[in-house]
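Please read the structure below before turning to the comments.
The values are calculated or read from the model by the stated rules, or taken from the named source; none is laboratory data. Bear in mind that the values here come from a model prediction, so they are computed numbers and not experimental data. As a convention, Cβ positions derive from the backbone with ideal geometry for all residues, glycine included, and neighbour counts pool all protein chains shown. Calculation scope for accessible area: heavy atoms of the full protein, side chains included, ligands and nucleic acids excluded. Shrake-Rupley method; radii C 1.70, N 1.55, O 1.52, S 1.80 Å.
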Amino acid sequence: QVQLVESGGGLVQAGGSLRLSCAASGSIYSINTMAWYRQAPGKERELVAHITSDGATNYADSVKGRFTISRDNAKNTAYLQMNSLKPEDTAVYYCNALVRPRITALSTLYWGQGTQVTISS
């Protein structure tokens with residue numbers, strides 16, 4: 001089994017910064033993609049940023065230039081550096097990871113439990 005644990009959420013003022021972490025643990029042979037999603041009240045979950053195992057990244061238009069996704073493969077951890085935060089960034093942020101638990105196994109998508117990010121105006 002694999003667990004993803006997010007941390008780093010909180011309450012900050014508009015214009016501030018936060019850094020989220022997503023640590024994967026358990027039965028892990030390799031991790032392909034890792035991603036951050038968010039879900040605001042009354043809205044659908046949306047992709048924020050995505051990173052492949054070799055570091056290629058993709059961002060939602062709404063966060064380009066403000067957010068940076070990165071990963072430490074040795075630690076099985078992904079990060080989301082969020083700068084110039086806006087009230088509309090307020091949401092629960094979730095990470096996911098496409099994990100191969102053994103060399104002979106197929107990859108499975110796992111989700112974390114989410115961390116609340118609240119931006120005050």
Completion exercise
Carbon and sulfur atoms account, in whole percent of the 1.4 Å probe accessible area of the chain, for 48 percent
Practice task
Go through 89-99, 44-54 and give me the packing order, highest mean Cβ count within 10 Å leading.
Solution key: 89-99, 44-54
Problem - Partner aspartates and glutamates for Lys75 [C-alpha distance under 18 Å; skip if fewer than 8 residues away on the same chain] - result: Glu6, Asp54
Exercise for the section: Mind checking the per residue accessible area of segment 10-116 for me, 1.4 Å probe, whole number of Å²? Expected result: 53 Å²
Handout entry: Average silhouette area of segment 31-95, convex hull of alpha-carbon atoms, in square nanometres
Key = 4.4 nm²
Handout entry: Cα-centred dipole magnitude for the chain, charges only on beta-carbon of K, R (+1) and D, E (-1), debye, nearest 20
Key = 160 debye
Problem - Residue among Gly16, Gly42, Gly26 with the largest mean-square fluctuation in a Gaussian network model of the chain, springs linking Cα atoms under 10 Å - result: Gly42
Handout entry: For the chain: span of alpha carbons on each principal axis (Å, largest first)
Key = 50, 25, 23
Completion exercise
Between Phe67 and residues 5 or more places away or on another chain, the pairs with built amide H atoms under 5 Å apart involve Asn83
Practice task
State whether segment 72-121 is rounded, prolate or oblate according to the following rule on the C-alpha gyration tensor (a ≥ b ≥ c being the square roots of its eigenvalues): a/c under 1.5 gives rounded; otherwise a/b larger than b/c gives prolate, and the remaining case gives oblate.
Solution key: prolate
Completion exercise
Looking only at lysines whose Cα falls under 22 Å of Lys86's and that sit 8 or more positions away or on another chain, we get Lys43, Lys64
Exercise for the section: Using a Gaussian network model of the chain whose springs link C-alpha atoms within less than 10 Å, name the residue from Ala14, Ala56, Ala24 with the highest mean-square fluctuation. Expected result: Ala56
